[in-house]
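> Sharing a structure with you now.
Coordinate-derived values only; no laboratory data. A quick note: this is a predicted structure, and the numbers were derived from the prediction, not measured. With ideal geometry, Cβ positions are generated from the backbone for all residues, glycine too; neighbour counts draw on all protein chains shown.
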């Protein structure tokens, strides 16, 4: 029988109802993990749980707005009590295109509160449990935009830059406890969220101009890195940021 990398390990994934988050959950399930999936969209979450239960022995779910600190801590308390969390994947996030000069306070706060503050809340709640057990792995969803900004996304870029520094600081402070923290920076990936934002013509022009591999990424190409970083194969890796962007940050494409 083939050994599964995460047999009976408890993996908690936020923003797991669709897109990259769902694919991450699906791939962990195929590797034998017990899953807890958090999302704020009830219908999508219910659909995801039905599909995931066909792949693994146990799937628990919580409808949670990660920007609500009390709800996060209460949900993590219930989740960890069922089985101690071994792996946390912080994937919940939103994006919105707006010119910098037109972003108002509500626009700014909505992105920062979910993408950055929400990750802080979930991480702190889970890591307080992990450090007591002196083991655990956290993998944060950052973005290429946290390393190299993009016009029209000041609040999103700022949130993902914050995620990168949060990742590094968490890694430094918890290394002595045996808890590892790393981040993944995808580039332009075709997800339900990106397809809602970007029309096909924009996607074609963006790829032609910026991505050396001449295509957008796929969710199935991003999820495996989360499993790799959470696995024993990365037992000596912490505080690192891995970029999966089709070569975009390598430099300018040739004319």
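> Of 36, 235, how do they rank once you tally other Cβ atoms within 10 Å and put the fewest first?
235, 36
> Which of 213, 45, 116 moves most in a GNM of the chain, Cα contacts under 10 Å?
Comparing 213, 45, 116 in a Gaussian network model of the chain, the most mobile one is 213.
> Order of 236, 255, 228, 22 from fewest to most other C-beta atoms within 10 Å?
Ascending number of Cβ neighbours within 10 Å: 255, 236, 228, 22.
> Oh, and also: For the ranges 196-207, 154-165, what's the packing order if you count other beta-carbon atoms within 10 Å of each residue, average per peptide, and put the highest first?
Top of the packing list down: 154-165, 196-207.
> Which value, in Å³ per residue, describes the convex hull spanned by the Cα atoms of the range 110-200?
It comes to 95 Å³ per residue, whole-number rounded.
> Further question: How big is the antiparallel share of DSSP beta bridges in the chain, given as a percent to the nearest 5?
0 percent
> Give me Rg over Rh for the range 60-112, both radii from the alpha carbons and Rh done the Kirkwood way, two decimal places.
Across the range 60-112, the Cα-based Rg/Rh ratio is 1.13.
> Reported to two decimal places, what Rg/Rh ratio describes the range 194-255 when computed on Cα atoms with Rh from the Kirkwood expression?
Rounded to two decimals, Rg/Rh equals 1.08.
> Shifting gears a bit: At 37 °C and a viscosity of 0.692 mPa s, what translational diffusion coefficient does Stokes-Einstein give for the chain, taking Rh as the Kirkwood radius over Cα pairs? Give it in µm²/s as a whole number.
Here the translational diffusion coefficient equals 178 µm²/s.
> For a protection proxy built on the mean count of beta-carbon atoms within 10 angstrom, sort 88-95, 169-176, 122-129 highest first, please.
Sorting 88-95, 169-176, 122-129 by mean packing, highest first, produces 88-95, 122-129, 169-176.
> How are the alpha carbon pair distances in the range 40-140 distributed across 10 Å bins from zero to the largest one, expressed in percent?
For the range 40-140, the pair-distance distribution reads 14, 39, 32, 12, 3.
> Further question on the same structure: Springs between alpha-carbon atoms under 10 Å, Gaussian network over the chain: tell me which of 99, 84, 186 tops the mean-square fluctuations.
Its mean-square fluctuation being the largest, the pick is 99.
> Just to be sure I understand: if I project the alpha-carbon convex hull of the range 9-48 onto a plane and average over all orientations, what area do I get in nm²?
The number I arrive at for the range 9-48 is 2.4 nm².
> Restricting to DSSP H runs of at least four residues, report the calculated mean residue ellipticity at 222 nm for the chain, -39500 (n - 2.57) per run over all residues, nearest 500 deg cm²/dmol.
Per the formula, -13500 deg cm²/dmol.
> Once you've got the GNM for the chain with C-alpha springs shorter than 10 Å, pick whichever of 195, 225, 130 has the biggest mean-square fluctuation.
The residue with the greatest mean-square fluctuation here is 195.
> Hey, for a label at residue 172 modelled as a point 7 Å past Cα toward Cβ, could you say which residues of the range 132-166 have their backbone N under 14 Å away?
Answer for the range 132-166: 164-166.
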